[in-house]
């Protein structure tokens, strides 16, 4: 027990779990707390050309051992190789479809065997799939695709991760939601409903896990400008996507969009000791979009 608790009645210490406070952090530098040395991580959608690869690189740069999981096995291998080369990190790829129960469970199990356990799951797989537009125009197939990728996939991956984390009595589930899950926007009713669902899922999961040593938190990016978005801005195509960008632009307090790496910074913080006390909440990284 820490010297800071000396003299306190044991019943008080036990009642408020004061012996769980991280007193060791007091005399440690913030950059030390941010290190992820040896942390065992799997990132779904890790081959994504914007946020996925940015998260992989940020975590690898801080010393994490990272499994890059993606439905596109070749792209995942390329991202893993690039991160390993750039940061001298232990990274590897694994093909996985988060919308397929058996596939994502097998990927998590393989990752845990290779790394000797699992400390962090980043639920990043998702996307609009080009299905912008009024709700009344969406058909059953489009609705199912959006819900399966943006909501069901994170539920499946989280269940798979918990089968490893709960026996360890430690772990962290970080789910990428969206600022769209907190506000209303034209043409994104189904996508934003899924992202709102992830916020609710995170809040309830964190509560359910509160005595287990496993925690859950969500990150809500706003509009990001990565390679794909830059390419779209250079062309006259995808008018619906441009319209969505225009709508969010006028709501931004920051007066600019973000880079994927800025959102990945928050993911890295939440994966570290420094961010451990943020639980069951949805952290906005959207330049004021939802404020």
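Worth a mention:
- Considering 70, 90, the condition of being surrounded by fewer than 22 Cβ atoms within 10 Å (Cβ to Cβ) and either at pLDDT 95 or above or touching a strand residue (DSSP E or B) at 6+ places or on another chain (Cβ under 8 Å) (or both) is satisfied by 90 alone.
- Just one residue in the set 198, 259, 270, 188 is touching a helix residue (DSSP H, G or I) at 6+ places or on another chain (Cβ under 8 Å) and closer than 28 Å to residue 30 by Cα; that residue is 259.
- Among (1) in contact (Cβ under 8 Å) with a residue 60 or more places away in the chain; (2) in contact with a helix residue (DSSP H, G or I) (Cβ under 7 Å, 6 or more places away or on another chain); (3) under 30 Å from residue 24 (Cα atoms); (4) surrounded by fewer than 18 Cβ atoms within 10 Å (Cβ to Cβ) - the single one residue 276 does not satisfy: (2)
- Per this entry, residue 267 is counted among residues that are in contact with a strand residue (DSSP E or B) (Cβ under 9 Å, 6 or more places away or on another chain), crowded, with 19+ Cβ neighbours inside 10 Å, at pLDDT 95 or above and closer than 25 Å to residue 184 by Cα.
- For the stretch 1-28, the tally of residues that are touching a helix residue (DSSP H, G or I) at 6+ places or on another chain (Cβ under 9 Å), surrounded by 11 or more Cβ atoms within 10 Å (Cβ to Cβ) and not in a helix (DSSP H, G or I) stands at 6.
- Flag if residue 84 is farther than 21 Å from residue 266 by Cβ, modelled with pLDDT of 95 or more and either touching a helix residue (DSSP H, G or I) at 6+ places or on another chain (Cβ under 9 Å) or part of a helix (DSSP H, G or I) (or both): yes
- Single condition residue 202 does not satisfy, out of (1) out of contact with any strand residue (DSSP E or B) (no Cβ under 6 Å at 6 or more places or on another chain); (2) outside any loop (DSSP other than H, G, I, E, B); (3) touching a residue at least 60 places away in the same chain (Cβ under 8 Å): (1)
- Here residue 57 fulfils each of the conditions (1) buried (at least 19 other Cβ atoms within 10 Å of the Cβ); (2) in a helix (DSSP H, G or I); (3) touching a strand residue (DSSP E or B) at 6+ places or on another chain (Cβ under 8 Å) apart from (3).
- Residue within the stretch 29-44 that is touching a strand residue (DSSP E or B) at 6+ places or on another chain (Cβ under 8 Å), assigned to a helix (DSSP H, G or I), closer than 23 Å to residue 103 by Cβ and touching a residue at least 24 places away in the same chain (Cβ under 8 Å) present: no
- Residues in the stretch 128-142 that are exposed (fewer than 15 other Cβ atoms within 10 Å of the Cβ) and in contact (Cβ under 8 Å) with a residue 24 or more places away in the chain: 3 in all.
- Within the option set 107, 69, being under 25 Å from residue 37 (Cα atoms) and more than 15 Å from the chain's Cα centre (by Cα) holds for one residue only, 107.
- The single condition among (1) on the phi < 0 side of the Ramachandran plot; (2) out of contact with any strand residue (DSSP E or B) (no Cβ under 9 Å at 6 or more places or on another chain) that residue 63 does not meet is (1).
- Remark: pairs (first residue in the stretch 154-177, at positive phi; second residue in a helix (DSSP H, G or I); Cβ separation under 7 Å; 6+ apart in sequence or on different chains) = 171/161; 171/165.
- Tally, over the stretch 206-220, of residues that are crowded, with 21+ Cβ neighbours inside 10 Å and part of a helix (DSSP H, G or I): 0
- Evaluated against (1) without any contact (Cβ under 8 Å) to a residue 60 or more places away in the chain; (2) more than 21 Å from residue 221 (Cβ to Cβ); (3) touching a helix residue (DSSP H, G or I) at 6+ places or on another chain (Cβ under 6 Å); (4) not in a loop (DSSP other than H, G, I, E, B), residue 108 falls short on exactly one condition, (1).
- Scanning the stretch 124-183 for residues that are assigned to a helix (DSSP H, G or I) and closer than 15 Å to residue 209 by Cα yields a count of 12.
The values are calculated or read from the model by the stated rules, or taken from the named source; none is laboratory data. The model shown is predicted, which means the values in this text are computed figures rather than measured ones. Every residue, glycine among them, receives a Cβ derived from its backbone with ideal geometry; neighbour counts consider all protein chains shown.
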